[in-house]
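Chemist: The structure under discussion is supplied below as structure tokens; questions concerning it will follow.
Throughout, read-outs are computed from the coordinates displayed, never taken from laboratory work. All values derive from a computational prediction rather than experimental measurement.
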Amino acid sequence: MAFPEGFLWGGATAANQCEGAWDVDGRGPAKTDVTTGGTVDTPRMITYRMPDGTEGAMPQWGAKLPEGAKYAVLDNYLYPNHDGIDFYHHYKEDIALFAEMGFKQFRMSISWSRIFPKGIEDEPNQAGLDFYRSVFEELKKYDIEPLVTMWHFDTPLYIEEELGDWKNRETIALFDKYARTILTEYKGLVKNWLTFNEINNTVSFLGMMVPASDEEFQDAYQHLHNQFVASAHAVKMAHEIDPEYRVGCMICGVVDYPLTPDPDDILANRYMWEKSLFYCGDVQCKGKYGTYAKRLWDEHNVHLDITEQDLIDLAEGPVDFYTFSYYQSSCVTTHQGAETTAGNMTIGAKNPYLEASDWGWQIDPKGLRYILEVMYDRYEKPMMIVENGLGAFDELVEGEDGQLTVHDPYRIDYLREHIKEMEIAIEHGVDLIGYTTWGCIDLVSAGTGEMRKRYGFIYVDKNDDGTGSYARYKKDSFDWYKKVIATNGADLD
Ligand code: P53
């Protein structure tokens, strides 16, 4: 049997997409709290107010706040992350359902601004610390191991707005304080941590959905460098605070293929892997920049502020394991006019051999084997897939037992085919130790802000217009995944 004993089956969420309670118990706002809902072909908007009181909204990607504007929550807009799926008040019920499926591991994130509302306070917010303690204790009741992401796209808005976000080095020290606080607080309750979710997105998607200037690349690479340093600090700190702690990186694993055998496409694809995947993975796993980094910086005239001490810190803080998300693959080409898939998050050329989801994400189980094998060979560190799944429209119907349910064979098929590829990768020698499907309970989409883009085994009655009872219902995939876990991946039917 391919899957090793103790394999960490489970599901994944992120604080800002499920907790809700955005301004409850002293939590400060994050960027997601000024971000509206969008759709597959209309962007999410970020709302702001001018000094003279005029209100405005700009697309999530590519636009810059007008001079003098401040992020603001406005009337007449809907902010889906404000309420999420109200995990904040439903966590006991939700964790009981995860336990019923047999989860060994639950991936979640801590909202930084619940612990330090602005990010700059000297003392943490006790109510925020208490909330996560209760969640960890609840998980412990069922022997579910938490896998905790320290940062899932949610820097406190104050840091983002007043301090210049991650392009400012001062943010490193603020993150250090936050990391030390949670690593100290949850000693004994947590073993496995991830530092930055999909850290590579900052550069790998830049210029793809809308064109970007060299200045934006400069800021993005500096932002990444500062996060690399903060991540290395967190790894070192974790090992000092508790030798049992293990800390991983988290990379957005979009697999690219050359669209044609034109040598220019082959090279372009290789350079895409360097920019999108290796750049971050190499620094976080090997503790130093790859040889190609200078070429990437030169492309956009980037000059980084990297100190001698930074280089020492990076070398001393490589991660213990490698994790990534995997949803889709894409194609790279130097040829003009290549066809793309639908959707407002189109990230490359269309692959004629693959089908795409309703949101234009190309479904490619073999790509999962491909990236597992490449990355394991490169880093030789234990690996986890910490996000994978199909965002799809679900219909709530009455089941045979009279209970409301969703018949979701499309989701089961997607997951089954990906798990089969994991199995092959393990047979080929990859040290894969865990798998957490994305949005194991329906939650707010990061890309579009929709509820209707559902990933869960558990349906949540909440709609895009904000209505709904927040009741939870088991989908067909719930029982299927329960069986997969019970048989340690042997029965996928
Ligand atoms: P949604 C873009 C491309 C690939 C993964 O995405 C991405 C994104 C950003 O949306 O994000 C990850 O919700 C991310 C999760 C997110 C999930 O993929 O747009 O870590 O927060 O929800 C799925 O369908």
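Chemist: Can you tell me how segment 29-188 classifies by the Cα gyration tensor, rounded, prolate or oblate, using a/c under 1.5 as the rounded cut? All intermediate terms of the calculation are to be shown ahead of the outcome.
Modeler: Values: a/c = 2.49, a/b = 1.52, b/c = 1.64.
Judged from the Cα gyration tensor, segment 29-188 comes out oblate (a/c at least 1.5, b/c at or above a/b).
Chemist: May I pose another question? Ordered by residue, what ³J(HN,Hα) values in Hz, to whole numbers, does segment 479-489 give under the Karplus form 6.51 cos²θ - 1.76 cosθ + 1.60, where θ = phi - 60° and Gly and Pro are x?
Modeler: 5, 4, 5, 4, 5, 4, 5, 4, 9, 6, x
Chemist: Read phi for every residue in segment 394-400 and hand back ³J(HN,Hα) as whole Hz from Karplus 6.51 cos²θ - 1.76 cosθ + 1.60, θ = phi - 60°, with x for Gly and Pro.
Modeler: Rounded to whole hertz, the list is 10, 10, 7, 9, 7, x, 4.
Chemist: Pull out the extension gain between Ala173 and Leu304, defined as 0.36 nm times the separation in residues minus the alpha carbon to alpha carbon distance; nm, one decimal.
Modeler: Numbers: separation 131, 0.36 × 131 = 47.16 nm, distance 1.83 nm.
Answer, rounded to one decimal: 45.3 nm.
Chemist: Using the structure shown, select from Lys141/Lys462; Lys140/Lys187; Lys140/Lys286; Lys350/Lys482 the pairs with a Cα to Cα distance greater than 23 angstrom. Present the calculation step by step, with values, prior to reporting the outcome.
Modeler: On the way: Lys141/Lys462 28 Å; Lys140/Lys187 13 Å; Lys140/Lys286 33 Å; Lys350/Lys482 34 Å.
Lys141/Lys462; Lys140/Lys286; Lys350/Lys482, as the Cα separations exceed 23 Å there.
Chemist: Cross-link candidates for Lys70: which aspartates and glutamates have Cα within less than 19 Å, leaving aside residues fewer than 8 places away along the same chain?
Modeler: The qualifying aspartates and glutamates are Asp23, Asp33, Asp52, Glu55, Asp154, Glu160, Glu161, Glu162, Asp165.
Chemist: Can you grab the distance from the C-alpha centre of segment 57-114 to the C-alpha centre of segment 4-48, Å, no decimals?
Modeler: Result: 3 Å between the Cα centres.
Chemist: Also, quick follow-up: How long is the gain from Asp465 to Gln126 if the chain were fully straight, where each residue apart is worth 0.36 nm and the alpha carbon distance is subtracted? Walk me through the intermediate numbers first.
Modeler: Details: separation 339, 0.36 × 339 = 122.04 nm, distance 3.31 nm.
Roughly 118.7 nm would be gained on extension.
Chemist: Let me ask something else. Scan around Trp151 for amide H atoms under 5 Å from its own, H built in the peptide plane at 1.01 Å from N, and keep only partners 5 or more places away or cross-chain.
Modeler: Asn197
Chemist: Would you work out the relative contact order for the chain, in percent, from Cα pairs under 8 angstrom that are 6 or more residues apart?
Modeler: Details: 1013 pairs, mean separation 86.5, N = 493.
Once divided by the residue count of the chain, the mean separation gives 18 percent.
Chemist: From the backbone phi of segment 98-104, what are the Karplus-calculated ³J(HN,Hα) couplings (6.51 cos²θ - 1.76 cosθ + 1.60, θ = phi - 60°) in whole Hz, Gly and Pro given as x?
Modeler: 4, 5, 4, 6, x, 3, 9
Chemist: Further question on the same structure: Full extension from Ala486 to Phe393: what is 0.36 nm times the residue separation minus their Cα-Cα distance, to one decimal in nm?
Modeler: Details: separation 93, 0.36 × 93 = 33.48 nm, distance 2.75 nm.
Additional length available on full extension: 30.7 nm.
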